[in-house]
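Below: the structure, in structure tokens.
The values are calculated or read from the model by the stated rules, or taken from the named source; none is laboratory data. The shown structure was predicted, so the numbers you read here are calculated from the model rather than taken from an experiment. All Cβ positions, even for glycine, are placed from backbone atoms using ideal geometry, and neighbour counts span all protein chains on display.
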Amino acid sequence: MNVEPIINAKFKRFRDQMELNNCADGLAFEQFVNYTILSAHQPDAFNGDSELFDKVNVGGSDDMGIDGIAIKINGLLIRDLNEAKDLVKKFPRLSIEFIFIQSKYKSNFDKGEFNNFTDGVREFLSEKQRQPCNELVKELILVKDYLLSEEVVYKWSDNPSARLYYVVMGRWNDSKHQLALAEQLKDDIERLNTYKSALIHFVDLESFKEILDSNENNFEAVINSIDTMPLTSVEGVDNSCMLLCYAGELKKLLTTKDGLIRKSLFDDNVRDFQGDNSINSEIAKTIMSEPEKFALLNNGITIVCEKYTPSNRQITIKNPQIVNGCQTSHVLYHSGDDENTLVKTPLIIKVISTKSNDIINQIVRGTNRQNIVLDEAFETTKKFHKELEEFINALSPEYERFFYERRSRQYDHNPSITQFQKLNLRIIVHCTVSMFVNEPHLSHRHESKLLENFSNTLFQDYQSKLPYFSAALSFYKLEKLFRQGKFDKKVHYSFKYHLLMIFRELVAGARPNMNNEKVVDEHCHLILTVLKDEKKLVESFDNSIKLFDKVRDKWTTEKKKNPHGIKDNKEFTDLLLNEINKKERITTDLIDDPNFRYKGKIVKIIRDKFGKDCGFIERKPNNIFFHSSSAKGIKLIGTEGRLVSYRVSTNPKTGQLVAIELELEQ
């Protein structure tokens, strides 16, 4: 079938980026549709690794007539049961959605095929399944059953929803037969007394093009204004203004054709929607009870765009990004059931037209400094990460080209860069914690939690960039070996972070202190030598897998331990390290490792009640105390601002963490 030229071009680009050129057209198209639809739900869901992509593409034998299945918890697409359990623990309230996709690489909507699709969805959502189903579908059914279990139900903010997409590259003509089947499915799902009424979308050629454009943030919106006021001119800013409008106008910009909020609008925002917290509840209360006061009580939103054009009392905004106001936008979107309320709700919007990334970064930081924004949200705007991005861009061509995608979708403009070449903060954190902190069992945790826990260990300004580069390149190379079929994805892929730790230990020896630049750089050069030699690379990872299998067998046969659940088990990590070193080697979940030398600046010198010098070293979340007895040979007066290295210990009387064995750094 000859698909419309624009879609065909984007399909070809997708195949190049996802390395699917040897895949059959029909199967590749199914995966293209799944990728496109689910990216509208979570734009960065498929960045860096292929794990989630592999999980959602369930099409094949025994697929129950469904090409794609995804499960969302609080807006996040999840990979497996373990991740579902982590998110259930993390959030006090849960919003759950099941997404089903069926696509056809042809021009006509077929009643029989749609009927098979709805039968499969009905079967999946039912308490028991009678149809045969493949392993991918079975895994997702286990997740579904867990989310519907008694231990989770009490956290539901509402009954789970089901959303279906039937995608065909033709023209939808409101077929009465298929609409009747859709209504029958809605009735059947409601009779299960578990789910909200199903949302069913018939996606034709034009609708699919709109989703593609929306994902790329390539669209225009016309907003009717109450009034506008131009702002003062600034170098690098093409135009800017303050816009007063009613909230119903913003909803036109916020909402896609299938009723989703445009997640691509918030790529440059420092945080996602925080849900039903006290501040968002207050915003919703104002909208519902005193909408006329909204512009007085709310800071409004900030939009950066490629271009805007005012005309009478309208303004046309091209390719907008909401860089501040994510919470307000989501609350307005969720309050949108009562359109009469939104047309009474005045809203202030700052609109800025600029193409300067530096100015956009300044705007993001300047407009997001409320107390409720955590420092972790700004992590990638820090100097260290900018320098790491430049370091990776400069050094990676010597080995294999990949990129640190500090900001979501920052490389989307370059079609030659594949999805697998873009490594984001999550991957950088996970592979570094696994390889250079020897904590692969923490790889399931969200990056914000790891950043908090390892705030004194990772991304320190005085550290070398080479371990971060080495960890990222090792991850990239291992991912590629799995994609090429060199190793069995079904058996070992979920343990890739353990394999990274083993690989580093085997090729370079015991983990070095990341604060000792000379030692850690020498260690990394041993790793990079192997990464540059394809034969040694495959051999080393093959040895890593053999060692992993040996330890897993020992875990089950000698120790009589459960073979399941080892992925996030610290004891299993210890067993791996013991096998590598052939001696007792204990890891610790304590972030304050007494055997590790930390670094920090002295921020204050004081005297205790006995007249002895003491002071504080800069540290997160609280500065750490030290006494002159722990800084022998150092004249402390006048050392404020000096960099020191130190170990940590616990005061036996107070239980307070203190710094010991201080040494001045050059």
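Before moving on, here are some points about what is shown:
- Residue within segment 127-137 that is touching a strand residue (DSSP E or B) at 6+ places or on another chain (Cβ under 6 Å) and crowded, with 16+ Cβ neighbours inside 10 Å present: no
- Of the helices (runs of 4 or more DSSP H) entirely within segment 451-511, those holding at least 1 residues that are buried (at least 20 other Cβ atoms within 10 Å of the Cβ) and in contact with a helix residue (DSSP H, G or I) (Cβ under 9 Å, 6 or more places away or on another chain) occupy 466-483, 496-508.
- Hey, Lys176 loosely packed, with under 13 Cβ neighbours inside 10 Å and over 23 Å from Gln31 (Cα atoms) or not: yes
- On the stretch given as segment 85-124, residues that are closer than 16 Å to Leu181 by Cα and of a type outside the set (A, V, I, L, M, F, W, C) total 12.
- Checked against the criterion of being surrounded by fewer than 21 Cβ atoms within 10 Å (Cβ to Cβ), in the same structural domain as Tyr146 (by TED's automatic domain parsing) and touching a residue at least 24 places away in the same chain (Cβ under 8 Å), segment 64-71 has at least one qualifying residue.
- Among the residues here, Ser434 qualifies as under 22 Å from Lys90 (Cβ atoms), polar (S, T, N, Q), modelled with pLDDT of 90 or more and outside any loop (DSSP other than H, G, I, E, B).
- Any hit, segment 64-87, residues being among the small types (Gly, Ala, Ser) and out of contact with any strand residue (DSSP E or B) (no Cβ under 8 Å at 6 or more places or on another chain): yes
- The sole residue among Ser240, Ser233, Ser225 that is over 15 Å from Tyr165 (Cβ atoms), of a type outside the set (Val, Ile, Thr), out of contact with any Cys (no Cβ under 9 Å at 6 or more places or on another chain) and crowded, with 16+ Cβ neighbours inside 10 Å is Ser240.
- From the list Ser464, Ser470, the lone residue that is under 22 Å from Asp49 (Cα atoms) and of a type outside the set (Phe, Trp, Tyr) is Ser470.
- Any hit, segment 438-445, residues being more than 26 Å from Arg597 (Cβ to Cβ) and surrounded by 17 or more Cβ atoms within 10 Å (Cβ to Cβ): yes
- Any hit, segment 53-69, residues being among the hydroxyl-bearing types (Ser, Thr, Tyr), touching a Ser or Thr at 6+ places or on another chain (Cβ under 9 Å) and at pLDDT below 95: no
- Qualifying residue in segment 152-163 (condition: touching a helix residue (DSSP H, G or I) at 6+ places or on another chain (Cβ under 6 Å), part of a loop (DSSP other than H, G, I, E, B), farther than 23 Å from Leu52 by Cα and not assigned by TED's automatic domain parsing to the domain that holds Lys490): no
Residues are listed down the side, and each one gets a yes or a no for (1) within 29 Å of the chain's Cα centre (by Cα); (2) over 30 Å from Cys23 (Cβ atoms); (3) assigned by TED's automatic domain parsing to the domain that holds Phe391; (4) free of Cβ contacts under 8 Å to residues at least 12 places away in the same chain:
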| residue | (1), (2), (3), (4) |
| --- | --- |
| Phe482 | yes, no, yes, no |
| Gly485 | yes, no, yes, yes |
| Val507 | no, yes, yes, no |
| Ala510 | no, yes, yes, no |
| Val520 | yes, yes, yes, no |
| Asn543 | no, yes, yes, no |
| Val551 | no, yes, yes, no |
| Trp555 | no, yes, yes, no |
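- The strands (runs of 3 or more DSSP E) found wholly in segment 214-270 and carrying at least 3 residues that are in contact with a Leu (Cβ under 9 Å, 6 or more places away or on another chain) and within 21 Å of Thr341 (Cβ to Cβ) occupy 237-246.
- Scanning segment 1-28 for residues that are charged (D, E, K, R) and either modelled with pLDDT under 85 or within 16 Å of Arg483 (Cα to Cα) (or both) gives Glu4, Arg15, Asp16, Glu19.
- Leu253 vs. criteria touching a residue at least 40 places away in the same chain (Cβ under 8 Å) and either in contact with a helix residue (DSSP H, G or I) (Cβ under 6 Å, 6 or more places away or on another chain) or over 30 Å from Asn74 (Cα atoms) (or both): no
- Qualifying residue in segment 22-30 (condition: crowded, with 20+ Cβ neighbours inside 10 Å, in contact (Cβ under 8 Å) with a residue 12 or more places away in the chain, touching an Asp or Glu at 6+ places or on another chain (Cβ under 9 Å) and assigned by TED's automatic domain parsing to the domain that holds Lys138): yes
- In segment 612-631, the residue that is farthest from Gln460 (Cα to Cα) out of those that are in a loop (DSSP other than H, G, I, E, B) and at pLDDT 90 or above is Lys612.
- Residue check for Arg445: among the charged types (D, E, K, R), without any contact (Cβ under 8 Å) to a residue 60 or more places away in the chain and outside the structural domain of Asn357 (by TED's automatic domain parsing): no
- When residues of segment 285-318 are limited to those that are basic (Lys, Arg) and assigned to a strand (DSSP E or B), the one farthest from Met242 (Cα to Cα): Lys318
- Test: Phe625 is among the hydrophobic types (A, V, I, L, M, F, W, C) and closer than 24 Å to Met514 by Cα: yes
- Residues of segment 564-575 include at least one that is surrounded by fewer than 15 Cβ atoms within 10 Å (Cβ to Cβ), farther than 24 Å from Phe454 by Cβ and at pLDDT below 90.
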